[in-house]
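Scroll down for the structure; my scribbles are underneath it.
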Amino acid sequence: MKKDLVSIIVPVYNVEKYVERCLRSLVAQTYPAVEILLVSDGSTDGSDAICERYAQAHAQIRYFRKENEGVSETRNFAMCHACGEYYLFVDSDDFIESDMVERMMEVMKKEQGDLVICSYRMDYRFAHLNRKAPRGQVWEKRAVLHELTKNEAINNFAWGKLYHARLFEGIEFHSRRFEDIYTIFRTFLKAERIVSMPDRFYHYVQRKGSIMNKDGLLALDMDIVLEMRNAFEYQEQMLNAALPQGHFSNQRNYFNTDMLIIYTMLVFVKRRDAYRYPLPRLQLAGLPLILRIAYRAWLGCAKLKFGRHLQMCPNES
């Protein structure tokens, strides 16, 4: 482990239209002590050729290629080869501001932090959306974990965060879908000092072909959205086991996920198949009135479409 070195970890899989923009933003970093680990997860398009060209031209880039195993195993592989005292994750279809590492390292050093969080914007083809940003502050652990369960200004994404490498000792990315929800909260539990910045250094690129966007339409199957629900349930259980007096609840995430589940049923599930996907029973108490109304309206649409074929999970009150 090299002191003050930042290992930028980039899994690469079939992103030839986007990866060069990502790499340009990484080699342009104003912070001098970086290594960039590009790990091709068995790409079958032209991504590898672009990565190889950049690796040959820039000494700070280390390029690896392995068989396709998914993003979690790719990140885990990269961490095994990383030499830095700090980790920064960047997805290969996204990009970052040139001063991101320098500015986040300044805060890390000034506040003697273990984890520094910035904000991001969502980049569309012809526009962008600034996401809710956290205030600049040092967090008390329970407070930041409660913010994490809201999944807004403090979110579950692996990217947009600078980690001290020790936070990942004994921690690997979960091999299931929604690996960030299963994994990132564990680094929060280990961190002694977590600091947030309001700056939007990270560009989260919205593109066709991703898990939640096909041909401009939100397109998921029920198995995927139910896995998302399971991930939030696991996170809530583990947080309450680790800090029993914290009373953590992922209720807002359950609302968002359950609305997505109903949407997916309405758009993609045939009436005769509805029985295969019992809907979770969302606890509405504590949610704002507008959200309770929206949920009941959405659920009413599902009842109209599926009738007696619609099932509700019996094990939740």
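The values are calculated or read from the model by the stated rules, or taken from the named source; none is laboratory data. Every value quoted in this text rests on a predicted model; they were computed, and no experiment measured them. So basically every Cβ, Gly included, is an ideal-geometry build from the backbone, and we count neighbours across all protein chains shown.
From the list Ile224, Ile261, the one residue that fits, being touching a strand residue (DSSP E or B) at 6+ places or on another chain (Cβ under 7 Å) and either in a helix (DSSP H, G or I) or hydrophobic (A, V, I, L, M, F, W, C) (or both), is Ile261.
May I ask you to list pairs of residues, at least six apart or on different chains, whose Cβ atoms are under 7 Å apart, with the first in region 237-261 being outside the structural domain of Pro288 (by TED's automatic domain parsing) and the second being in a helix (DSSP H, G or I) and at pLDDT below 95? Nothing qualifies.
Residues checked against (1) surrounded by 20 or more Cβ atoms within 10 Å (Cβ to Cβ); (2) touching a strand residue (DSSP E or B) at 6+ places or on another chain (Cβ under 8 Å):
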| site | (1), (2) |
| --- | --- |
| Val144 | yes, yes |
| Lys150 | no, no |
| Ser196 | yes, yes |
| Arg200 | no, yes |
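Given the structure, is Val39 at negative phi and buried (at least 18 other Cβ atoms within 10 Å of the Cβ)? In short, yes. Cβ-Cβ below 7 Å, separation at least six or inter-chain, first residue in region 65-78 and among the polar types (S, T, N, Q), second modelled with pLDDT of 95 or more and not in a strand (DSSP E or B): which pairs? So the pair list comes out as Asn68/Gly42; Ser72/Phe173; Ser72/Glu179; Asn76/Glu172; Asn76/Phe173.
For region 93-133, filtered to residues that are in a loop (DSSP other than H, G, I, E, B), at pLDDT 95 or above and not charged (D, E, K, R), the residue that is surrounded by the fewest Cβ atoms within 10 Å (Cβ to Cβ) is Gln112. Listed here are the strands (runs of 3 or more DSSP E) enclosed by region 1-90 that have at least 2 residues being assigned by TED's automatic domain parsing to the domain that holds Gln112 and β-branched (Val, Ile, Thr): 2-12, 34-41. Within region 157-174, the set of residues being closer than 11 Å to Ile117 by Cβ and touching a residue at least 60 places away in the same chain (Cβ under 8 Å) comprises Trp159, Lys161, Leu162, Tyr163.
Scanning region 109-143 for residues that are polar (S, T, N, Q) and under 22 Å from Tyr204 (Cβ atoms) gives Ser119, Asn130.
Within region 219-234, is there a residue that is β-branched (Val, Ile, Thr), at pLDDT 95 or above and out of contact with any Leu (no Cβ under 8 Å at 6 or more places or on another chain)? Looking for residues that are β-branched (Val, Ile, Thr), at pLDDT 95 or above and out of contact with any Leu (no Cβ under 8 Å at 6 or more places or on another chain), one finds none in region 219-234, hence no. Taking the numbered list (1) in a helix (DSSP H, G or I); (2) in contact with a helix residue (DSSP H, G or I) (Cβ under 6 Å, 6 or more places away or on another chain); (3) not acidic (Asp, Glu) in turn, Ile290 passes all entries but (2). For Arg166, the conditions (1) within 19 Å of the chain's Cα centre (by Cα); (2) outside any strand (DSSP E or B) are fulfilled apart from (1).
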